[in-house]
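Just below is one structure, and these are the notes that go with it.
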2 protein chains.
Amino acid sequence: MSVTIAHLGPAGTYSEQAAYFYLHWLKTHHGVDSTLFAYPTIAKSLQAVTTEQTQIAVVPVENSIEGSVSMTMDSLWQLDSLRIKQALILPINHVLISCGNSLDEIETVFSHPQALAQCQQWLAKFVPNANLIPSSSTTEALERLPQIPKTAAISSQRAAQLYNLPIIASEINDYPENCTRFWVVSQASQVDNLFTPTHTSLAFSTSANVPGALVKALEVFAHLGINLSRIESRPTKRSLGEYLFFLDIEAPFNSPLMTSALAELTSCTEVLKMLGSYSVLTVKNGLT
Amino acid sequence: MSVTIAHLGPAGTYSEQAAYFYLHWLKTHHGVDSTLFAYPTIAKSLQAVTTEQTQIAVVPVENSIEGSVSMTMDSLWQLDSLRIKQALILPINHVLISCGNSLDEIETVFSHPQALAQCQQWLAKFVPNANLIPSSSTTEALERLPQIPKTAAISSQRAAQLYNLPIIASEINDYPENCTRFWVVSQASQVDNLFTPTHTSLAFSTSANVPGALVKALEVFAHLGINLSRIESRPTKRSLGEYLFFLDIEAPFNSPLMTSALAELTSCTEVLKMLGSYSVLTVKNGLT
C-alpha cells in the first residue's frame with residue numbers, strides 16, 4: 001500500500017514539513033510508503049483530493065500567533081466530500097537566510113506574510129530599515145536570493161538545508177512558543193482513523209438576522225458539559241455581517257453526548273456540515 | 001481647525017479611498033479641512049495616532065468576502081490609548097490594470113493577497129495560466145507594470161486614474177456585493193462623536209481553560225436582548241488554543257442596557273477593553 005499526499009509547496013514550506021512528518025510517521029508506525037506532491041496554493045492541495053489526484057492533503061489550520069488560515073476554512077466549507085482524519089501540531093522555528101550578506105547589509109527581506117508578521121519585532125530591532133516584501137510561501141523567494149544583492153528571506157532550517165543556503169540568524173520568532181496546527185484530510189469515504197478520535201470539527205450557518213443564534217448553538221455544548229477548543233467566524237460572502245461559524249469540539253463524533261448535541265444543533269442552525277472527527281498528534285521537536 | 005489623517009498607503013489603496021471619503025465628508029458637513037498621510041502598514045498608521053504624528057487613522061476592519069483584518073484587531077488590543085469614533089462601509093470594485101497588454105498576453109498578476117483572493121474565480125477563468133504574486137498593498141505593484149512585460153495588477157479605478165494607467169477589465173470581483181468596513185480611530189481623550197453612537201466594540205480575554213467562558217459572556221447580551229453584529233476570535237499569542245474575543249454590539253456604550261451588560265461582563269472576563277462607541281456611515285457609490 002502506498003499513499004499520495006498533497007501539500008502547499010515548494011519543498012521546504014512548513015506545510016511540506018508537516019506532510020513529511022506524516023509520511024515518516026506512516027512509515028514508522030504502519031510500514032506504509034508515501035509520496036509528497038507540492039501544489040501552489042492551499043485550495044489546490046485540497047482540490048487534489050476531491051479530484052483524486054492524491055489520497056490525502058496536509059493543510060495548515062491555525063497558527064498560535066497569526067490565527068486561522070482563512071483559505072483552509074473557506075475551502076473545507078465548499079468541498080463537501082472531504083473529512084479531517086488527523087490533526088498535527090508542529091513547532092515553528094524561523095531562521096533568516098541570506099547569500100554572502102551580514103545582517104547590517106540587508107536591505108530587503110522576503111517571506112510569506114504570516115512569517116513576516118511572526119518576526120516583526122525581531123525585524124524592527126535588527127534590520128529596522130529593510131523593506132519587507134511578501135511572497136506566496138516561505139520558500140518561494142529563496143531562488144531569488146543569490147541573484148539580488150542585499151536580500152534575505154525568512155524560512156525554515158529545513159529549507160536552508162534543502163536549497164543549500166546559509167542561515168545568518170536563528171530563532172528569530174517574536175514568540176518562542178510559536179506552533180502551527182495542521183489537518184490531514186481525505187475523501188469522506190476513505191477515512192480510516194488510525195487512532196481513536198478525541199476531537200470533532202464542524203461548521204454551520206445560522207439564519208440571517210436571528211439574534212442570539214450563535215449563543216443558542218454554543219449553549220447546546222455548554223449545557224452538556226462539552227468543551228470547545230476553538231470558535232472561529234468567517235464571512236458567508238453573501239453580505240457584510242453574515243457569518244459561518246467553525247467549532248473545534250473536545251469530544252469524538254460517535255459519543256452519546258455528541259449525538260445529543262448534534263440533534264439539538266440541527267434545530268438552531270441553517271446549514272450544518274461535519275468536517276471530521278480525529279485525534280491530535282503533537283510533535284515536540286522540529287524536523288530539520 | 002485642520003485634521004491630520006493616517007492611512008495605509010500609497011495613494012490609491014482602498015484605505016486611502018476611505019480616508020479620502022472621510023476628508024470629503026468632514027469638509028462638506030463640518031467645514032473642516034484635513035490632510036492625508038500614507039503609512040507603509042496598518043500598524044504604523046495606528047501608531048501614528050498614539051505618537052501624535054496624526055490626530056486620526058482610518059483602518060480596514062473587515063471585508064465581506066475575506067473577513068477580518070488581523071493586523072487591525074491585534075494593534076487595537078495592544079494600543080490602549082485609542083478609541084473608534086466612526087465606522088465607514090465602502091463598496092469595493094476591483095479592476096485589472098496593464099500597460100499595452102491584452103488579457104490573453106498576461107503572464108503575471110500582482111496584488112494584495114486579499115484582492116487576489118476576492119478575484120480568484122475571475123482570474124481562473126480569464127487568465128488561467130497567470131502567476132499570482134502577492135504585494136503589500138493594491139497599489140504597490142503599479143510602478144513595476146511599465147517595466148516588466150506581460151504583467152497586470154488588481155487595484156481600484158481611483159488608482160488607475162491617479163497613476164494614469166489603462167484598465168483592461170472592470171468589475172472583476174467574484175462577488176459583486178463586496179464591501180469593506182473601516183474604523184476611524186483617534187486618541188481616547190480626543191473622541192468627539194459627530195453623530196449619536198449606535199454601536200459599541202470591545203474585546204476581552206477569558207481565564208485559560210475555563211469551559212464555556214465565551215458562552216457566559218455571550219449570554220449576558222442574549223439575556224438583555226442586545227444584538228451582536230460580529231464575534232471574532234484572535235490568538236492571545238501565549239499558546240495555541242487561547243483566544244481573545246472581539247465583539248461588535250448593536251447598542252451605544254452609554255445606554256442603560258449596556259451599563260448592565262458591562263457590569264456583568266466584568267465578572268466573567270479576564271481583561272476587558274473598550275474599543276469605542278460610534279455610528280456607521282454607509283457609502284453607496286465608490287469614489288473614483
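Out of curiosity, is B:Thr41 over 17 Å from B:Ala203 (Cβ atoms), at the interface with chain A (Cβ under 10 Å from one of its Cβ atoms) and either surrounded by fewer than 20 Cβ atoms within 10 Å (Cβ to Cβ) or among the acidic types (Asp, Glu) (or both)?
Working: over 17 Å from B:Ala203 (Cβ atoms): yes; at the interface with chain A (Cβ under 10 Å from one of its Cβ atoms): yes; either surrounded by fewer than 20 Cβ atoms within 10 Å (Cβ to Cβ) or among the acidic types (Asp, Glu) (or both): yes.
Spelling it out, B:Thr41 is indeed over 17 Å from B:Ala203 (Cβ atoms), at the interface with chain A (Cβ under 10 Å from one of its Cβ atoms) and either surrounded by fewer than 20 Cβ atoms within 10 Å (Cβ to Cβ) or among the acidic types (Asp, Glu) (or both).
For residues that are free of Cβ contacts under 8 Å to residues at least 60 places away in the same chain and aliphatic (A, V, I, L, M), tally how many sit in the stretch A:43-65.
2
Could you list, ordered by first residue, the pairs with Cβ atoms under 7 Å in which the first is in the stretch A:257-272 and touching a residue at least 24 places away in the same chain (Cβ under 8 Å) and the second is crowded, with 16+ Cβ neighbours inside 10 Å and charged (D, E, K, R), at least 6 apart or interchain?
Filtered contacts from the stretch A:257-272: A:Cys268/A:Lys216.
Listed residues B:Leu162, B:Leu132; which is surrounded by fewer than 22 Cβ atoms within 10 Å (Cβ to Cβ), within 14 Å of another protein chain (Cβ to nearest Cβ) and at pLDDT below 95? Lay out the reasoning, then the answer.
Details: B:Leu162 fails: within 14 Å of another protein chain (Cβ to nearest Cβ).
Just one listed residue meets the conditions, B:Leu132.
Return only the number of the condition from (1) touching a Pro at 6+ places or on another chain (Cβ under 7 Å); (2) more than 10 Å from chain A (Cβ to nearest Cβ); (3) more than 30 Å from B:Cys99 (Cβ to Cβ) that B:Val191 does not satisfy.
Every listed condition holds for B:Val191 apart from (1).
Being of a type in the set (A, V, I, L, M, F, W, C), under 30 Å from B:Glu62 (Cα atoms) and in contact with a Leu (Cβ under 9 Å, 6 or more places away or on another chain) is the requirement here; does A:Ile89 meet it?
Considered against the rule, which asks whether it is of a type in the set (A, V, I, L, M, F, W, C), under 30 Å from B:Glu62 (Cα atoms) and in contact with a Leu (Cβ under 9 Å, 6 or more places away or on another chain), A:Ile89 comes out as yes.
Could you say whether any residue in the stretch A:269-288 is within 12 Å of chain B (Cβ to nearest Cβ) and either in a loop (DSSP other than H, G, I, E, B) or crowded, with 18+ Cβ neighbours inside 10 Å (or both)?
Looking for residues that are within 12 Å of chain B (Cβ to nearest Cβ) and either in a loop (DSSP other than H, G, I, E, B) or crowded, with 18+ Cβ neighbours inside 10 Å (or both), one finds none in the stretch A:269-288, hence no.
Looking only at the stretch B:138-167, count how many residues are under 26 Å from the mean Cα position of the chain (by Cα) and in a strand (DSSP E or B).
Counting residues in the stretch B:138-167 that are under 26 Å from the mean Cα position of the chain (by Cα) and in a strand (DSSP E or B) gives 6.
Here's a check for you: in the stretch B:101-119, which residue that is surrounded by fewer than 16 Cβ atoms within 10 Å (Cβ to Cβ) and in contact (Cβ under 8 Å) with a residue 40 or more places away in the chain is farthest from the other protein chains (Cβ to nearest Cβ)?
Our first condition is that a residue be surrounded by fewer than 16 Cβ atoms within 10 Å (Cβ to Cβ); within the stretch B:101-119, this holds for B:102-105, B:107.
In the following step, the residues that additionally are in contact (Cβ under 8 Å) with a residue 40 or more places away in the chain were identified as B:102-103, B:105, B:107.
Working: B:Ser102: 24, B:Leu103: 21, B:Glu105: 21, B:Glu107: 15 Å.
Filtering first and then ranking leaves B:Ser102.
Would you please name the residue that is surrounded by the most Cβ atoms within 10 Å (Cβ to Cβ), looking only at residues in the stretch B:66-89 that are without any contact (Cβ under 8 Å) to a residue 40 or more places away in the chain and at the interface with chain A (Cβ under 10 Å from one of its Cβ atoms)?
Checking each candidate, the answer is B:Gly67.
For the stretch A:49-65, name all the residues that are within 12 Å of chain B (Cβ to nearest Cβ), outside any strand (DSSP E or B) and of a type outside the set (Gly, Ala, Ser).
Scanning the stretch A:49-65 gives a single hit, A:Ile65.
State all residues of the stretch A:202-252 that are of a type outside the set (Lys, Arg), touching a strand residue (DSSP E or B) at 6+ places or on another chain (Cβ under 7 Å), farther than 19 Å from B:Glu219 by Cα and at the interface with another protein chain (Cβ under 7 Å from one of its Cβ atoms); if no residue qualifies, say none.
If the condition is that a residue be of a type outside the set (Lys, Arg), touching a strand residue (DSSP E or B) at 6+ places or on another chain (Cβ under 7 Å), farther than 19 Å from B:Glu219 by Cα and at the interface with another protein chain (Cβ under 7 Å from one of its Cβ atoms), then A:Pro235, A:Leu240, A:Gly241 are the ones that fit.
Just to be sure, is A:Val210 farther than 12 Å from B:Leu214 by Cβ, among the aliphatic types (A, V, I, L, M), more than 24 Å from the chain's Cα centre (by Cα) and modelled with pLDDT of 90 or more?
no
Is there a residue in the stretch A:66-75 that is closer than 20 Å to A:Glu16 by Cα, assigned to a strand (DSSP E or B) and not assigned by TED's automatic domain parsing to the domain that holds A:Ala160?
Looking only at the stretch A:66-75, we keep the residues that are closer than 20 Å to A:Glu16 by Cα, and these are A:66-73, A:75.
Subset that is assigned to a strand (DSSP E or B): A:67-68.
Right, trim to not assigned by TED's automatic domain parsing to the domain that holds A:Ala160 and you get A:67-68.
Yes, some residue in the stretch A:66-75 is closer than 20 Å to A:Glu16 by Cα, assigned to a strand (DSSP E or B) and not assigned by TED's automatic domain parsing to the domain that holds A:Ala160.
Within the stretch A:5-34, count every residue that is under 22 Å from A:Thr139 (Cα atoms), out of contact with any Leu (no Cβ under 7 Å at 6 or more places or on another chain) and not in a helix (DSSP H, G or I).
5
Of all residues in the stretch A:35-48, count the ones that are in a helix (DSSP H, G or I) and out of contact with any strand residue (DSSP E or B) (no Cβ under 6 Å at 6 or more places or on another chain).
3
The values are calculated or read from the model by the stated rules, or taken from the named source; none is laboratory data. In this text the structure is predicted, and so the values were computed from the model without any measurement. Glycine also receives a Cβ, built like all others from the backbone with ideal geometry; neighbour counts cover every protein chain displayed.
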